[in-house]
Amino acid sequence: MYWLLNSSIGRKVIMSVSGIFLILFLLFHMSMNLTLLFSAEAYDMICGLLGANWYAIAGTLVLVAGVAVHILYASLLTLQNRRARGSKGYLASSKTDTEWSAKNMYVLGIIIVLGLLLHLWNFWYKMQFAELTGIHTGEHLPHEGAAYVSELFACPCYCVIYLVWLGAIWLHLTHGVWSAFQSVGLSNKTWYPRWKTISYVVSTIIVLGFAAVPIKFLLFNV
Amino acid sequence: MEKTINITLKVWRQKGPKEQGRFETYKLNGISGDTSFLEMLDILNEQLVNEGKEPVAFDNDCREGICGMCSLYINGHPHGPDNLITTCQLHMRHFNDGDTISVEPWRSAAFPVIRDLMVDRYAFDKIIQAGGYVSVNTGGVPDANAIPIAKPIADEAMDAASCIGCGACVAACKNGSAMLFVSAKVSQLALLPQGKVEAKERARAMIARMDELGFGNCTNTRACEQECPKGVSISNIARLNREFLKAKFAE
C-alpha cells in the first residue's frame, strides 16, 4: 500500500477518500443542526448524546484524523505542485477558462480552517471539552447546545461570519465532490456532467441546512 | 477585405538553458491578417537578421497542426487565443491593430527552456519509453471483423490517439501536471484488445516515470482540456486513475 503515499494518483486518492468522509460528516452535522429549527430540547438531547460518551469520543478521534490527513495532504500536494510549476511564471496571466473554485481549493481550505478554529472555540471548547475535562469554560452546562447557539447568534456579526464561512465551504464542495470521484477514476463522459450536478445539489443541501440556523437568527432574532 | 495590422511583440529571449532570460519588445508593421502566427515570427526574424541581430528561436515543423512541435504561450493561452488549434494554425486576423502580444515559452519545471521560446520536451518521450507501446505478439493482420470493437470504444480510442504530445496541457496547468498527456497515451491502448494485455504494467510504469520527472499532481482544474489543441477530454484522466488503481490493487 506504499503507492498511496509515493505516487501522485495515490496522494489524490487520499484527498478523495478523506474528502468524501468529511462530506458525510458535514451531512450528519447539518441534519443534527436542523433540529434547532423546531426544538431546543431535541437539540440539547443530541448534544448530550454526543458529549463524553465512548462512541462520541471515538467518532471525534476518527474525524480529527480525517481532517488532519486532508489538510496535511492538501499542503503537501500544493507544495509539490508549486515546485512542478517551476520558478518562472508567465508574464501574461492565464486566460484559460477554468472555474475559480477549482484553482483556489487551498485558499478556500485556509478560510475553512480559520472558520473551523473559531467554531471550535465557540462551541466545542464550551461543550465536549468542558464535559471531558470538567472545567467550566462557558456560561451553560456542556450539553446545553441550544443556549450556546442563541448566545452566539444574538450578535448579527457572528451570523454574517458563519454565513461567509459557509460560502467558502460551498465553493470548496462544488469542486470537491465531483473531483473526488474523478480522482478515484469513477467518472467518464456520461458521469462527468452527472457528478457535476450532484456536486451542486449536495453542496447546496449541506450549506442551506447549516445556513438555516444563522439566517433564522438574523431574520427573527430567536 | 484583407486587414493589415501593426503590432508590438513582447518576446522571451534567453541565450541558453543556464542564462538569465528577459523580455524584448519588437514592433512589426503592416502584418496581413492572413499571415499565420509563425509566418509573422519569420517576418520578425528576417527583420532581426537584416538589422544584424540574433533571430528568435522557436520550435516548429509541419505547420499544419499534426506534428506537435510548435508551442508558445501567447497572451495567456497555450497555442494562442483560438480554440482547438496549434500555434502554427493560428492566424494574425485574431489580433487587432495596435495590440501588444506576449510570446512566452511553455513554463514547467519538467520543460526547461533551451533557448528563447524553445523548451526541452524530452520528458514526454521518457514517459512513452516507460510503457506507451504494445510489446506482445499480436499475430498477423486479422480479418476485419475477427476482433469486434464497439464503435463507441473505437471512437474513444481514436479521440485519445489524437494527442500530438505538444505539451500545452502541462503549460496550461497551474500544477505543471502531465496527466492529460499520459492519460491519452494510456487510454488509446487500454481501450483496445492489443493494449489490454499490458494495461496494468503500462499504467504503473508511465505514472512512476511521470512522477519521477517532476510533473505535478492533477487537481482537476480542467485547464488542460480547455487548451488542448486536439480537444482531448479529462475523461481520459479518470480512466488513467482507474487503470492505475486497478494495477495497484492487483499487486
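Can you tell me how segment A:163-222 classifies by the Cα gyration tensor, rounded, prolate or oblate, using a/c under 1.5 as the rounded cut? Can you show the working numbers first?
Numbers: a/c = 4.77, a/b = 3.11, b/c = 1.54.
Prolate is the answer for segment A:163-222, as a/c is 1.5 or above and a/b outweighs b/c.
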Rounded to whole angstroms and listed largest first, the alpha-carbon spread of segment B:121-249 along its three principal axes comes to 46, 28, 26
PRE reach from B:GLU2 (point 7 Å along Cα→Cβ): which of segment B:31-45 fall under 14 Å by backbone N?
B:31-36
A student applying the Cα gyration tensor rule (rounded when a/c is under 1.5; otherwise prolate if a/b is larger than b/c, oblate if not) would label segment B:179-236 oblate
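For B:TYR133 and A:VAL62, what is the calculated FRET efficiency with R₀ set at 56 Å and r taken between the beta-carbons, to the nearest 0.05? Spell out each step's value before the answer.
Numbers: r = 45 Å, r/R0 = 0.80.
Given R0 = 56 Å and the Cβ-Cβ separation, E is 0.80.
Work out, in µm²/s and without decimals, the Stokes-Einstein translational diffusion coefficient of chain A at 20 °C, 1.002 mPa s, Rh from Kirkwood over C-alpha pairs. Numbers along the way, then the final one.
Working: Rh = 19.3 Å.
The estimated diffusion coefficient comes to 111 µm²/s.
With an 8 Å Cα cut-off and a minimum separation of 6 or more residues, compute the relative contact order for chain A in percent.
Working: 191 pairs, mean separation 66.8, N = 222.
Across chain A, relative contact order equals 30 percent.
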Normalised contact order of chain B, rounded percent, pairs of Cα under 8 Å and 6 or more residues apart:
19 percent
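Quick one: compute the contact order of segment B:121-249, relative version, from alpha carbon pairs under 8 angstrom and 6+ residues apart, as a percent. Intermediate values should be presented prior to the final figure.
Values: 160 pairs, mean separation 44.7, N = 129.
Once normalised by length, the contact order is 35 percent.
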Rounded if a/c is under 1.5, else prolate if a/b is larger than b/c, else oblate: which is segment B:93-169, with a ≥ b ≥ c the root eigenvalues of its Cα gyration tensor?
oblate
Rounded to whole Hz, the Karplus (6.51, -1.76, 1.60) HN-Hα couplings of segment B:60-76, x for glycine and proline
6, 8, 6, 6, 9, x, 10, 7, x, 7, 6, 9, 6, 9, 10, 6, x
Nitroxide proxy distance, nm - points 7 Å out along Cα→Cβ at A:LEU114 and A:LYS216
2.9 nm
Assuming R0 = 25 Å, can you tell me the calculated FRET efficiency for the pair B:ASP34 and B:LYS151, based on Cβ-Cβ distance, to the nearest 0.05?
0.05
In degrees, nearest ten, helix A:40-49 long axis to first principal axis of chain A (Cα):
70 degrees
Estimated FRET transfer efficiency (A:LEU37, A:LEU79; beta-carbon r; R0 60 Å; 0.05):
0.90
How far apart, in nanometres, would the label points at A:TYR2 and B:ASN96 be if each is projected 7 angstrom from Cα along the Cα-to-Cβ direction?
5.9 nm
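Just from its helices, what would the mean residue ellipticity at 222 nm be for chain B, if runs of 4 or more DSSP H residues each count -39500 (n - 2.57) and the sum is divided by every residue, rounded to the nearest 500 deg cm²/dmol?
Numbers: 9 runs with 90 residues, N = 251.
Theoretical 222 nm ellipticity from helices: -10500 deg cm²/dmol.
Between their Cα atoms, which of B:LYS15/B:LYS174; B:LYS27/B:LYS185; A:LYS12/B:LYS185; A:LYS95/B:LYS200 are more than 31 Å away from each other? All intermediate terms of the calculation are to be shown ahead of the outcome.
Numbers: B:LYS15/B:LYS174 26 Å; B:LYS27/B:LYS185 41 Å; A:LYS12/B:LYS185 20 Å; A:LYS95/B:LYS200 37 Å.
Distance filter (> 31 Å) returns B:LYS27/B:LYS185; A:LYS95/B:LYS200.
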The protein assembly as shown, Kirkwood Rh and Cα Rg, ratio Rg/Rh at 1.07
Less than 13 Å from a label point 7 Å out along the Cα-to-Cβ axis of B:GLU19: which backbone N atoms in segment B:51-76 qualify, by residue?
B:53-58
What is the magnitude of the charge dipole of chain B about its Cα centre, with +1 placed on the Cβ of each Lys and Arg, -1 on the Cβ of each Asp and Glu, and no other charges, expressed in debye to the nearest 20?
920 debye
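Bear in mind these aren't lab numbers, they're just calculated from the coordinates by the rules spelled out. Being a predicted model, the structure only gives us computed values, none of them experimental. Cβ coordinates were reconstructed from backbone atoms using ideal geometry, including for glycine residues, and neighbour counts include every protein chain displayed.
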